[in-house]
Amino acid sequence: MLGKNWTIESICPKGLISLTLHDEARTMPSQKASAFPTKSLILDALTTDIDLSDAILDLLDNSVDGARRTEKDPSKWGQFAITISFNKNKFEINDNCGGMDADVAQEYAFRFGRPSKRLPEHGLLGIYGVGMKRAIFKMGDHFTVSSKTKNSYFKISEDLKIWRDDENLWEFDFDKFETGKTFPPKDAGTDIEVKALFDGISQDFQNPEFQSELIKKAAKTHRAALQNGLRITVNTIPLQTAGFTILKSDEILPAFEKYEFNGSGSPVNVLLYAGISKSQPKDAGWYVFCNGRMVLEADQTTRTVWGGTIGDVSIPKIHNQFARFRGFAFFECDDQKRLPWTSTKSNIDLSSDIYRKV
């Protein structure tokens with residue numbers, strides 16, 4: 001039937017109507033509706049729903065991951081230092097935590113998302129492959145990223161105003177790209193600079209309260225790494241944190257449970273500690289960590305069962321009589337997506353089946 005014309009005749013009160021239908025399947029070209037995303041959609045979606053401090057913490061996570069990747073023994077992290085500095089004109093983060101391979105930068109690091117063939121690395125913090133890009137695009141219109149490992153070096157400097165306006169441009173040009181060379185291990189690290197800051201970001205960076213809150217938040221989030229000797233400074237102020245304490249006596253000992261959840265992918269290992277410490281109501285509650293990063297601090301809500309129910313059992317709400325209670329939950333997994341945290345790593349995903357079981 002292709003290629004033929006069809007004539008339909010019918011009788012109506014006004015007479016004979018003749019309608020010729022042409023077979024257009026042969027002559028019309030194949031049509032497709034474009035479904036390509038716009039840059040503005042992707043960039044707005046990435047940057048709108050995250051606080052500036054959390055975006056900076058994503059960059060800090062990357063540096064901590066560098067230390068984890070370089071030195072598996074946390075007791076030796078005293079050799080690593082991360083420096084964050086900012087003012088009304090620019091933001092910088094510098095570290096000596098092993099650096100990023102130039103090949104990794106070329107294939108993965110600047111893509112929006114983690115490619116499926118890119119396997120998770122052992123016990124790291126990066127999840128979706130958006131942290132560095134999200135932080136850069138949230139802060140300003142010009143960035144420079146350079147990184148050196150023991151055998152590679154690269155540098156990228158980009159004007160994002162030009163890059164944003166070209167919908168077909170999804171690459172960044174390397175200013176430097178060197179592989180197969182040998183560099184001193186002490187020089188291995190990553191430097192990120194963002195300039196041409198947006199007005200709101202520049203104002204935040206001039207606000208002493210923002211600096212104070214960032215310092216507190218970073219110290220809490222990476223409490224475990226700081227206790228292992230990792231050095232972090234924010235505008236020359238070193239981050240400090242107190243250790244955790246659980247008391248014991250002949251009558252009372254801390255409780256301890258260990259669980260392993262398998263299923264698909266890497267197993268999730270969970271350690272639970274519970275006991276008593278000094279009577280301080282604001283410090284009472286549960287502390288939840290994912291791969292060493294604190295997600296909940298002294299939580300006293302239904303997220304950690306306070307005031308909830310389990311079957312027929314009602315759990316009391318937090319009260320001053322529990323001011324000595326301390327609970328610590330450590331979730332560890334090579335596949336970060338199996339951990340029960342949100343994409344910003346600042347809260348718990350309460351729909352996680354593993355978290356519900358714990």
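The values are calculated or read from the model by the stated rules, or taken from the named source; none is laboratory data. Note that this is a predicted model, so its numbers are computed, not measured. Don't worry about glycine lacking a Cβ; one is built from the backbone with ideal geometry, like all the others, and counts go over all protein chains shown. With ligands, DNA and RNA removed, areas are computed over all heavy atoms of the protein, side chains included. Shrake-Rupley method; radii C 1.70, N 1.55, O 1.52, S 1.80 Å.
Figures for the structure shown
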{"read-out": "Cβ-Cβ under 7 Å pairs, at least 6 apart or on other chains, segment 193-205 side under 22 Å from SER147 (Cα atoms), far side part of a helix (DSSP H, G or I) and of a type in the set (Val, Ile, Thr)", "value": "VAL194/ILE136"}
{"read-out": "Where ASP49 falls short, out of the listed (1) more than 30 Å from CYS290 (Cα to Cα); (2) modelled with pLDDT under 90; (3) open to solvent by 80 Å² or more (accessible area, probe 1.4 Å); (4) touching a Ser or Thr at 6+ places or on another chain (Cβ under 9 Å)", "value": "(1)"}
{"read-out": "Subset tally (residues that are in contact with a Ser or Thr (Cβ under 9 Å, 6 or more places away or on another chain), of a type in the set (Lys, Arg) and under 20 Å from ASN89 (Cα atoms)) for segment 155-211", "value": "1"}
{"read-out": "In segment 306-358, the residues that are among the aliphatic types (A, V, I, L, M), exposed (fewer than 14 other Cβ atoms within 10 Å of the Cβ) and in contact (Cβ under 8 Å) with a residue 12 or more places away in the chain", "value": "LEU350"}
{"read-out": "Conditions (1) over 29 Å from SER212 (Cβ atoms); (2) under 30 Å from the mean Cα position of the chain (by Cα); (3) surrounded by fewer than 16 Cβ atoms within 10 Å (Cβ to Cβ); number of the one not met by ALA255", "value": "(2)"}
{"read-out": "All helices (runs of 4 or more DSSP H) inside segment 150-235 with 2 or more residues being closer than 21 Å to SER85 by Cβ and open to solvent by less than 50 Å² (accessible area, probe 1.4 Å)", "value": "199-205, 208-221, 223-227"}
{"read-out": "Members of segment 219-249 found to be closer than 28 Å to SER279 by Cβ, of a type in the set (A, V, I, L, M) and in contact (Cβ under 8 Å) with a residue 24 or more places away in the chain, listed by number", "value": "ALA224, LEU239, ILE246, LEU247"}
{"read-out": "Candidate set: segment 253-267, residues that are at pLDDT 90 or above and of a type outside the set (D, E, K, R); chosen: the one farthest from ILE82 (Cα to Cα)", "value": "LEU253"}
{"read-out": "All positions within segment 265-284 that are small (Gly, Ala, Ser) and crowded, with 21+ Cβ neighbours inside 10 Å", "value": "ALA284"}
{"read-out": "Yes/no for ILE127 being buried (at least 22 other Cβ atoms within 10 Å of the Cβ), among the hydrophobic types (A, V, I, L, M, F, W, C), at pLDDT 80 or above and on the phi < 0 side of the Ramachandran plot", "value": "no"}
{"read-out": "Pairs where the first residue, in segment 66-89, is within 27 Å of PHE210 (Cβ to Cβ) and touching a residue at least 40 places away in the same chain (Cβ under 8 Å) and the second is in a strand (DSSP E or B) and open to solvent by 90 Å² or more (accessible area, probe 1.4 Å), C-beta under 6 Å, 6+ apart", "value": "ALA81/ARG231"}
{"read-out": "The one condition in (1) over 20 Å from the mean Cα position of the chain (by Cα); (2) in a loop (DSSP other than H, G, I, E, B) that SER266 fails to fulfil", "value": "(1)"}
{"read-out": "Selection from segment 236-252 of residues that are within 19 Å of ILE82 (Cα to Cα) and among the hydroxyl-bearing types (Ser, Thr, Tyr)", "value": "THR236, THR241"}
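Condition check ((1) among the aliphatic types (A, V, I, L, M); (2) under 23 Å from GLY265 (Cβ atoms); (3) within 15 Å of the chain's Cα centre (by Cα)) across all residues:
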| site | (1), (2), (3) |
| --- | --- |
| GLY285 | no, no, no |
| PRO316 | no, no, no |
| ASN347 | no, yes, yes |
| LYS357 | no, yes, no |
